[in-house]
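Notes to accompany the following structure.
The values are calculated or read from the model by the stated rules, or taken from the named source; none is laboratory data. Note that the coordinates shown come from a computational prediction; the quantities given were computed from them, not determined experimentally. Glycine gets a Cβ as well: all are built from the backbone with ideal geometry, and neighbour counts include every protein chain shown. Heads up: the accessible areas ignore ligands, DNA and RNA and are worked out on the full protein's heavy atoms, side chains in. Shrake-Rupley method; radii C 1.70, N 1.55, O 1.52, S 1.80 Å.
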Amino acid sequence: MSYPLLERINAPGEIKNLPASDMPALCEEIRQFLVQNVSRTGGHLASNLGIVETTVAIHRVFDTARDRLVFDVGHQCYVHKILTGRADRFPTLRQLGGISGFPKPCESAHDAFIAGHASNSVSVALGMARARTMLHEDYSVLALIGDGGLAYEGLNNAGASGEPLIVILNDNGMSIDRNVGAMSEHLSRLRTKPEYFAFKKAYHNALSGSAVGRALYRFNHSLKTGLKKAMLPNATMFEDMGFAYLGPVDGHDLAQLTTTLEWAREMKRPVLVHVRTQKGH
């Protein structure tokens, strides 16, 4: 089977050279590639089929040779490995002398940390972010997590730290209750539009110049928080920890994912991107 778009990615980072219009077809090729190879070698198929668009969006926005991507559930890294120069080695997946089914730093500079199911990705990412700040370096740090476990301790520490980092919550419907209702869906999509962030920044700057303006901002903020608790209960849980909350985002809408990650990178603070995916998509 041929993969014309995937075969054009001969080196890490070349996915950025493909036009956005090719991305849906590329995602389809990646899914076909996974099915063809994992059916022969064995491995975690359904979890990787569900994370294709999210991983493609990460590699469109970030450079994992410099930026640090820490997986929490390590067996979701197959798409990441395909896009970082290891597609030709997939017939050796989980074989003696072949590539690992988990992130492995000695295998590639694009694997920031070895991980299985330890629930430690947020804590590891926070350590990397602190080191970056102390060394006055400039790169992004991301943690891609699934269901909670011990991750909540890391989330609490990371949110309180104020360190710029991004936590991507891959919610496949098995760990967090779904927000219901058309209003919730509308507000979620509104919150991930670039125009929303531009307005929010301009609004804050306009009111922060005087005591009256700051008081009006605090009043409006408390009113907005009350409405948000009713419409987006997950958002306030993470914001109470100190994160800016973006989402929920459709984890199979590549354009929306890419825009959301670009804005998360620009916010320069702890950000949680809530992505809804379908396992086995």
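Of everything listed in (1) closer than 25 Å to MET23 by Cα; (2) surrounded by 22 or more Cβ atoms within 10 Å (Cβ to Cβ); (3) at pLDDT 95 or above, the single unmet condition for GLY74 is (3). Residue by residue through region 145-191, note down the ones that are β-branched (Val, Ile, Thr) and either open to solvent by 70 Å² or more (accessible area, probe 1.4 Å) or modelled with pLDDT of 60 or more (or both). Within region 145-191, ILE145, ILE166, VAL167, ILE168, VAL180 qualify. Among residues belonging to region 6-19 that are open to solvent by 20 Å² or more (accessible area, probe 1.4 Å) and in contact with a Leu (Cβ under 8 Å, 6 or more places away or on another chain), point out the one that is modelled with the lowest pLDDT. Once the filter is applied, the top-ranked residue is PRO12. Just one of the listed residues (GLU29, GLU53) is modelled with pLDDT of 90 or more and in contact with a Pro (Cβ under 8 Å, 6 or more places away or on another chain), namely GLU29.
When GLY85, GLY127, GLY98 are screened for being in contact with a Lys or Arg (Cβ under 7 Å, 6 or more places away or on another chain), modelled with pLDDT of 90 or more and surrounded by fewer than 21 Cβ atoms within 10 Å (Cβ to Cβ), only GLY98 passes.
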